[in-house]
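Notes follow once the structure below has been shown.
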Amino acid sequence: MAFEFDFDDPSLRAALVLHEDQERQGPGSRATTELLLSLAGPLPGHPRVLDLGSGTGAASLVLAERLPGARITAVDIYPPFLRRLEEAAAAAGAADRITARQGSMESLDDLPDGSVDLVWSEGAAYNIGFGEALRSWRRLLSPGGALVVTECGWTTDEPSAAARAYWDAAYPLHTTAENVAAATAAGYTVLATYLLPAADWLESYYAPLEARAARSDPGDAHAAAAAEDVRREAELYRAHGGEYGYVGYVLRPRRP
């Protein structure tokens, strides 16, 4: 299931504006990025990295630091995120190694097969669907390349009615076992899975986002609705976060 982006839609714009000055546009942390990178195993000395759905670049900046020989292309569809990424890369002294590219993670036809050593995507694959992401990105990987992706899913076989209703309407979730099966069917070997800790949601993501939402203009109906959506989502996680979570999947393509 692919999401359509209409930046003239005032509701979408209000939601995006809430995230513009945030370090992260979804749950995660520096520690989680570093751990997932370590689980990915060896990479070439000068790896070609593609960060899909990069947002403002939290993962790209960590990868640039941890992979000093890497050339990173950060792809996002929303220009304000990319502008902040470029500013952050310049401040970190990594502007010559991180290239911002505006576009959809579905629009990668210009990239040759086998041209990327590490495909990375934190909290963004849902925009085109986990299965479609795995299938469409596999061709990009070089021999010995790795794919690291985080995906929200059920961590219980019996989620509560409240959590089920919310996620069925927003983005139907699958269990980790189902996602592992999907990755295997798509031609990958699953090296590791890692459930992101609650702090990656509550401290790294919701705390700054709720603070930003609290400053929204109550006279702007779209901004107020976006702020309320943030509060409702955060409250759901506090009540039912033990039933779902983001899982990092560390994958290598199986070769004939």
What residue among THR33, PRO79, ALA14 has its Cα farthest toward the positive end of the dipole of the chain, where the charges are +1 on Lys, Arg and -1 on Asp, Glu, each on the Cβ? THR33
So, in Å, what gap is there between the alpha-carbon centers of segment 29-93 and segment 108-183? 18
Relative packing of peptides 76-85, 165-174, 25-34 - highest average C-beta neighbours within 10 Å first: 25-34, 76-85, 165-174
Table column - 3J(HN,Hα) (Hz), segment 124-139, Karplus curve with 6.51, -1.76, 1.60, x for Gly and Pro: 10, 4, 4, 4, 10, x, 4, x, 5, 4, 4, 5, 6, 8, 4, 5
Is there a quick way to get the dipole size of the chain? I mean about its Cα centre, with the Cβ of Lys and Arg at +1 and of Asp and Glu at -1; what is the value in debye to the nearest 20? 960
For segment 52-102, take the alpha-carbon Rg, divide it by the Kirkwood Rh, and send me Rg/Rh. 0.91
Measure off, as a whole percent, the carbon and sulfur share of the 1.4 Å-probe accessible area of segment 128-169, all protein chains present. 50
By accessible area of protein heavy atoms, probe 1.4 Å, what ranking do ARG252, ARG215 get, highest first? ARG215, ARG252
Counting Lys and Arg as +1 and Asp and Glu as -1, what is the net charge of the other residues whose Cβ lies under 12 Å from the Cβ of ARG232? -3
On average, how much accessible surface per residue is there in segment 139-185, in Å², for a 1.4 Å probe, leaving out ligands, DNA and RNA? 43
So, how do all the Cα-to-Cα distances of segment 133-226 break down into 10 Å bins, in percent, from 0 on up? 12, 30, 32, 19, 7, 0
Amide hydrogen neighbours beyond the local backbone of HIS174, cut-off 5 Å, H modeled: TRP154
Rounded to one decimal in nm, the spacing of the 7 Å Cα→Cβ label points at SER160 and ASP109 is 4.6
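The values are calculated or read from the model by the stated rules, or taken from the named source; none is laboratory data. For clarity, every value in this text was computed on a predicted model and none was experimentally measured. FYI the Cβ positions are ideal-geometry reconstructions off the backbone, even for glycines, and counts take in every protein chain you see. Protein only, heavy atoms only, side chains kept; ligands, DNA and RNA dropped before computing areas. Shrake-Rupley method; radii C 1.70, N 1.55, O 1.52, S 1.80 Å.
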